Amino acid sequence: MLELQDLRDFSITNWYETFKDITVKTIILDLPEQLLKTIQKEDIQDSDEDNEIVVDEKLPVEFLQDFKNALNVFDNNAFVKNNWHAPVDARMFSFGNYLKVVNLDDVITYFTSSSRIQEDFSIVTNIPFCIALRKWISIHPAAEFRCIVINNVLRGITPRDWPTFYAHFKEEGPQIIDELTNFFNDNIKLRFLRKHFVFDVIFQYPDKPYIIDFEPLNSKTNLYAFSWKEIQPLINKDNPDDVAPVFRYLETDIGIITKTDALNMLTRCN
């Protein structure tokens with residue numbers, strides 16, 4: 001669960017305007033209280049015929065129109081998240097596991113079925129909840145990277161699809177490091193609210209990288225090819241600006257392997 005200051009700093013409502021030119025086009029809508037109750041399963045009505053969730057008719061007309069207009073911008077084909085997370089643990093409830101949104105019922109289904117979203121909405125804060133509709137794009141897993149920033153210096157790069165072997169990483173590794181380092185220095189460094197954080201990007205050479213999300217850098221955040229045990233000591237050390245980030249990936253195809261086994265193997269190789 002995110003801490004209160006994390007909730008403020010890492011909400012998409014807080015960073016989207018600053019980075020909108022280098023992230024996925026997004027339309028952010030305030031989440032009406034009545035819809036929140038429905039998502040929290042406090043006020044769900046079932047239809048007699050097909051047992052599908054019925055949206056309460058008391059939802060504000062303005063919200064319904066804004067939601068419809070937003071979907072039209074994305075040709076009725078969007079991706080959705082709340083302030084902090086996407087309902088990735090509800091993929092099995094979407095067609096083809098794509099989490100595409102074509103109507104409000106899709107949002108309600110994904111949000112009510114996602115433990116991560118339910119946890120977010122269970123937090124009592126004075127931060128207004130939102131629905132962030134984003135342009136839906138098809139992303140190859142090998143193009144997703146998580147970047148670790150310590151004291152405003154990019155220190156680590158890891159594939160989000162870890163531990164999976166991708167042969168091209170060995171050849172393109174130096175380019176990936178250079179491109180993501182330049183992207184960070186030119187677009188993110190000293191512009192985000194924190195000096196320690198992680199950010200997720202999509203990058204497939206020769207296309208330019210673009211931001212997907214920001215998350216706190218702490219023991220609760222998934223660092224994939226890195227461990228919190230090795231990252232935490234770096235936070236209290238001085239980081240020279242010219243230090244090169246480590247791009248960590250599997251160098252050989254060793255079949256199915258757990259994250260723990262992969263980290264142990266890397267430790268032995270080091």
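The values are calculated or read from the model by the stated rules, or taken from the named source; none is laboratory data. Since we're looking at a predicted model, the values are computed, not measured. Please note: Cβ atoms are built from the backbone with ideal geometry, for glycine as well, and neighbour counts cover all protein chains shown. Only protein heavy atoms, including side chains, enter the accessible area calculation; ligands, DNA and RNA are left aside. Shrake-Rupley method; radii C 1.70, N 1.55, O 1.52, S 1.80 Å.
What part of the accessible area of the chain, given as a whole %, is carbon or sulfur when the probe is 1.4 angstrom?
Numbers: 6810 of 14480 Å².
Roughly 47 percent of what the probe reaches on the chain is carbon or sulfur.
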query: Per residue and in Å³, how big is the convex hull formed by the alpha-carbon atoms of the stretch 63-161?
result: 144
- prompt: Given H placed on each backbone N at 1.01 Å, which residues far from residue 103 in sequence or on other chains put an amide H within less than 5 Å of it?
  reply: none
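What number comes out for accessible area per residue over the chain if the probe is 1.4 Å? Units Å², please.
Values: 14480 Å² over 270 residues.
Each residue of the chain exposes 54 Å² on average to a 1.4 Å probe.
Strictly over 29 Å apart at the Cα level, which of 37/68; 81/208; 58/220 would you flag in this model? Mind showing how you got there, number by number?
Details: 37/68 20 Å; 81/208 23 Å; 58/220 38 Å.
Distance filter (> 29 Å) returns 58/220.
Working from the pairwise distances between different alpha carbons, so that the mean of 1/r is found and then inverted, what is the stretch 67-113's Kirkwood radius in Å?
Values: mean 1/r = 0.0932 Å⁻¹.
About 10.7 Å for the stretch 67-113.
Tell me, what is the percent relative contact order of the chain, built from C-alpha pairs under 8 Å that lie six or more residues apart? Intermediate values should be presented prior to the final figure.
Details: 393 pairs, mean separation 53.7, N = 270.
After rounding, I find 20 percent.
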Calculated SAXS-style log₁₀ I(q)/I(0) at q = 0.12, 0.14, 0.16 Å⁻¹ - the chain, Debye, Cα scatterers: -0.80, -1.05, -1.30
task: Taking H placed 1.01 Å from N in the peptide plane, check which residues at least 5 places from residue 160 or on another chain put their amide H under 5 Å from its amide H.
output: 144, 145, 146
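Over the alpha-carbon set of the stretch 104-235, divide Rg by the Kirkwood Rh and report the Rg/Rh ratio to two decimals.
Details: Rg = 16.4 Å, Rh = 16.7 Å.
Across the stretch 104-235, the Cα-based Rg/Rh ratio is 0.99.
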query: Between residue 68 and residue 137, what is the label-to-label distance in nm when each label sits 7 Å out along the Cα-to-Cβ direction?
result: 3.0
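For every helix of n ≥ 4 consecutive DSSP H residues, a contribution of -39,500 (n - 2.57) applies; sum these over the chain, divide by its total residues, and give [θ] at 222 nm rounded to the nearest 500 deg cm²/dmol.
Details: 9 runs with 90 residues, N = 270.
Calculated at 222 nm, the ellipticity per residue is -10000 deg cm²/dmol.
Tell me, what is the FRET efficiency for residue 253 and residue 122 to the nearest 0.05, using R0 = 41 angstrom and their Cβ-Cβ distance as r?
On the way: r = 41 Å, r/R0 = 1.01.
Step by step, r from the Cβ atoms, then E = 0.50.
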statement: Computed ³J(HN,Hα) along the stretch 141-155: with the Karplus parameters 6.51/-1.76/1.60, θ = phi - 60°, integer Hz and x for glycine or proline, the list is x, 6, 9, 9, 10, 10, 10, 9, 10, 10, 6, 6, 10, 6, 10
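Charges at C-beta only: +1 for Lys and Arg, -1 for Asp and Glu. How large is the resulting dipole of the stretch 126-222 about its Cα centre, in Debye rounded to 20?
Details: 12 positive and 11 negative charges, 93 e Å.
With Lys and Arg at +1 and Asp and Glu at -1, about 440 debye.
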field: Cleavage-rule hits (chymotrypsin sites (Phe, Trp or Tyr not before Pro)) in the stretch 56-104: DSSP loop, at most 15 neighbouring Cβ within 10 angstrom
entry: 98
